[in-house]
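The values are calculated or read from the model by the stated rules, or taken from the named source; none is laboratory data. Everything numeric in this text was worked out from a predicted model, so none of it was measured. Reconstructed Cβ throughout: ideal geometry from the backbone, glycine too, with neighbour counts over all protein chains shown. These area figures cover heavy atoms from the full protein model, side chains too; ligands, DNA and RNA do not enter into them. Shrake-Rupley method; radii C 1.70, N 1.55, O 1.52, S 1.80 Å.
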2 protein chains.
Amino acid sequence: MNKKISEKAVSRMTLYHCILTDYINKNIETISSPQIASLLNIDDSQVRKDISFLNNSGKCRVGYLVKELKAAIEKTLGFTKPKNAIIIGAGNLGMALAKYDNFTNYGLNVLALFDTDATKIGTIVNGKKIYSIKEFKKLAQQMKSDMAILTVPREAAQDTALMIVNAKIKYIWNFSPTVLDLPKDVQVWNENLMGNFLQFAYKMQD
Amino acid sequence: MNKKISEKAVSRMTLYHCILTDYINKNIETISSPQIASLLNIDDSQVRKDISFLNNSGKCRVGYLVKELKAAIEKTLGFTKPKNAIIIGAGNLGMALAKYDNFTNYGLNVLALFDTDATKIGTIVNGKKIYSIKEFKKLAQQMKSDMAILTVPREAAQDTALMIVNAKIKYIWNFSPTVLDLPKDVQVWNENLMGNFLQFAYKMQD
């Protein structure tokens, strides 16, 4: 039950989940491990090994039942337990994330946004209100947010992250292109879009 | 010179690069491997090993010269050679990426955007024009784009990706939450924001 799954396996499972969602949208009921493997350019045995970690009851003659396998991934990765988040920084990226309805399907509820720009404060984006950053500490505690999504400019990221930590939020999804210096009990997920581009660009040299 | 660096090491180097950029902004001239290691919660020996793969001349008594180390990473990861890209899908995320000036510093030039929405076509975002998707094949070849950044909705992603491949673009940075089924000579980098969230959410269960 509580077998720990490696970060790479979790990452692959989220891609399997993508594929299964596409199959459901196309009304396809079964899928085989070679089909999944081929779409991801990985080894069939890898797919079978990953799936063996799941509590998956949906086996069939050709491989797996799509809906059951999807549910097993959801249960194992824990996204049937919803998480509440607030977005700090209502710039282009913060707004894009606030409008991204797909999050809700995966158990991420965006409660509100925070910004310093007086012209934005009080407006509503996709049903979520933009508050002044000055109200952050008070509201973050009232809202019982599990995590903060940080989309402020690089220069403001470190100070804003300290403010988040002061409000007792222990999980930060950091989209600012900077490495935060925070207490070790705070978990940071660095999205690092530029870094991802650079990894891709590195492959383009081949 | 052409030693191949692992994907994980490339990923760490992009984070070192983030830290070095911050140090330069703060006018700090030197950095040590334990300083880098502590910010990233990784092992000092790992940092030193990664840096040993670089052609880095900037060693000093306390560790490394910040500017020289940054330049060595840039040279090794090849982002001193600019790449041209076009964004397909001028929705919230596409617009956010078009407005993200940081890309230029890392050698990514966004040339133009493409969309199906008649009200957007012809408008300019951050100096880049939004064209009709109908003109894509002709313009993509004229513009000599190295890569396409795909930010269309999930339902449109596969067909749009095939259109990109038809226009002879071999690199796709895919932000759509779907796995693309494409010829094996096309390189796809799946950004998979939801997947990243799910990995983070999985850690939150600990």
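Summary table below
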| quantity | calculated |
| --- | --- |
| In segment B:47-64, the residues that are open to solvent by 60 Å² or more (accessible area, probe 1.4 Å) and either modelled with pLDDT of 90 or more or more than 18 Å from B:SER6 (Cβ to Cβ) (or both) | B:ARG48, B:LYS49, B:SER52, B:SER57, B:LYS59, B:ARG61, B:VAL62 |
| Some residue of segment A:125-139 being facing chain B (nearest Cβ under 9 Å) and either surrounded by 18 or more Cβ atoms within 10 Å (Cβ to Cβ) or in contact (Cβ under 8 Å) with a residue 40 or more places away in the chain (or both) | no |
| Residue list for segment A:23-79, filter: aromatic (Phe, Trp, Tyr) and in a loop (DSSP other than H, G, I, E, B) | A:PHE53, A:PHE79 |
| Verdict on A:LYS99 being within 9 Å of chain B (Cβ to nearest Cβ), over 20 Å from B:PHE175 (Cα atoms) and in contact (Cβ under 8 Å) with a residue 24 or more places away in the chain | no |
| Condition broken by B:ILE88, with the remaining ones in (1) under 18 Å from the mean Cα position of the chain (by Cα); (2) within 14 Å of another protein chain (Cβ to nearest Cβ) satisfied | (2) |
| Hits in segment A:162-187 (condition: of a type in the set (A, V, I, L, M, F, W, C), under 20 Å from the mean Cα position of the chain (by Cα) and under 22 Å from B:ASN25 (Cα atoms)) | A:PHE175, A:VAL179, A:LEU180 |
| Residue count, segment A:163-183 (criterion: of a type outside the set (Val, Ile, Thr), within 17 Å of B:ILE36 (Cα to Cα) and facing chain B (nearest Cβ under 7 Å)) | 2 |
| Count of residues meeting criterion [more than 9 Å from chain A (Cβ to nearest Cβ) and either small (Gly, Ala, Ser) or under 19 Å from B:TYR106 (Cα atoms) (or both)] in segment B:13-47 | 7 |
| So A:LYS8, is it at pLDDT below 95, open to solvent by 90 Å² or more (accessible area, probe 1.4 Å) and in a helix (DSSP H, G or I) | yes |
| All positions within segment A:103-115 that are within 13 Å of B:PHE197 (Cα to Cα) and surrounded by 15 or more Cβ atoms within 10 Å (Cβ to Cβ) | A:PHE103, A:TYR106, A:GLY107, A:LEU108, A:VAL110 |
| Close pairs (6 angstrom Cβ cut-off, 6 or more residues apart or separate chains): of a type in the set (D, E, K, R) in segment A:51-70, open to solvent by less than 80 Å² (accessible area, probe 1.4 Å) and outside any strand (DSSP E or B) anywhere | A:GLU68/A:GLY58; A:LYS70/A:LEU20 |
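The rows are residues; the columns are (1) closer than 23 Å to A:ASN174 by Cβ; (2) acidic (Asp, Glu); (3) without any contact (Cβ under 8 Å) to a residue 24 or more places away in the chain; (4) not assigned by TED's automatic domain parsing to the domain that holds B:ILE73.
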{"position": "B:HIS17", "(1), (2), (3), (4)": "yes, no, no, no"}
{"position": "B:ILE31", "(1), (2), (3), (4)": "yes, no, no, no"}
{"position": "B:ILE36", "(1), (2), (3), (4)": "yes, no, yes, no"}
{"position": "B:LEU40", "(1), (2), (3), (4)": "yes, no, no, no"}
{"position": "B:ASP44", "(1), (2), (3), (4)": "yes, yes, yes, no"}
